[in-house]
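Okay, so here's the structure we're looking at.
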């Protein structure tokens with residue numbers, strides 16, 4: 001499936017936020033990309049431009065393309081609750097995002113690769129679909145022969161405190177498995193997104 005594989009820092013600079021986590025290159029140049037650099041005068045954006053920018057930011061943050069993002073939004077509108085919050089909950093419940101949150105990879109791109117290469121199990125079954133939607137109670141674990149991978153072990157060792165930030169997840173380092181406990185509350189999701197702007201954009 002097609003994915004954006006271009007420069008991540010360039011996108012982060014366009015949004016003015018490190019959407020892919022800490023980035024030294026972004027910290028050095030916290031202004032928009034382009035040959036004119038920080039001296040370029042930015043025009044005031046229209047309401048539509050702000051809505052579109054927020055949608056694009058969400059797409060690139062979670063690594064989802066347009067059609068898949070739109071389908072996720074349509075699914076959110078059919079569920080009970082505030083549409084914008086439900087949208088973020090569904091994005092957080094993706095398998096690749098959960099692998100990232102569990103600390104098995106330090107980026108969502110890396111997490112997606114772990115899933116695609118069949119290193120991840122869901123409820124004991126190999127699952128290589130990054131967009132797989134988890135449900136409360138689902139167990140995500142590292143495949144037996146993949147647990148010795150240096151990249152996995154290094155990420156787990158370096159992210160022991162990370163999972164504690166996410167109350168909807170539970171991690172067992174000894175068994176190399178985590179549990180998706182519940183859909184997260186909006187206040188617990190750390191991404192700086194204004195989901196209401198996305199709802200307004202799709203409601204036009």
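Per-structure values
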| read-out | value |
| --- | --- |
| So residue 170, is it surrounded by 13 or more Cβ atoms within 10 Å (Cβ to Cβ) and closer than 16 Å to residue 99 by Cβ | yes |
| Residue in the range 178-198 that is part of a loop (DSSP other than H, G, I, E, B), touching a residue at least 24 places away in the same chain (Cβ under 8 Å), surrounded by fewer than 19 Cβ atoms within 10 Å (Cβ to Cβ) and in contact with a strand residue (DSSP E or B) (Cβ under 8 Å, 6 or more places away or on another chain) present | yes |
| Subset tally (residues that are under 12 Å from residue 169 (Cα atoms) and outside any loop (DSSP other than H, G, I, E, B)) for the range 94-109 | 5 |
| Qualifying residue in the range 151-158 (condition: out of contact with any strand residue (DSSP E or B) (no Cβ under 8 Å at 6 or more places or on another chain), under 20 Å from residue 185 (Cα atoms) and buried (at least 18 other Cβ atoms within 10 Å of the Cβ)) | no |
| Filter result for residue 83 (under 11 Å from the mean Cα position of the chain (by Cα), surrounded by 14 or more Cβ atoms within 10 Å (Cβ to Cβ) and modelled with pLDDT of 95 or more) | no |
| Lone unmet requirement of (1) surrounded by fewer than 21 Cβ atoms within 10 Å (Cβ to Cβ); (2) out of contact with any helix residue (DSSP H, G or I) (no Cβ under 6 Å at 6 or more places or on another chain) for residue 132 | (2) |
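Residues are listed down the side, and each one gets a yes or a no for (1) part of a loop (DSSP other than H, G, I, E, B); (2) under 16 Å from the mean Cα position of the chain (by Cα); (3) within 13 Å of residue 199 (Cα to Cα):
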site: 57; (1), (2), (3): no, yes, no
site: 67; (1), (2), (3): no, no, no
site: 73; (1), (2), (3): no, yes, yes
site: 76; (1), (2), (3): no, no, yes
site: 111; (1), (2), (3): no, yes, no
site: 115; (1), (2), (3): no, yes, no
site: 121; (1), (2), (3): no, no, no
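The values are calculated or read from the model by the stated rules, or taken from the named source; none is laboratory data. For clarity, every value in this text was computed on a predicted model and none was experimentally measured. Note that each Cβ is placed from the backbone with ideal geometry, even for glycine, and that neighbours are counted across all protein chains shown.
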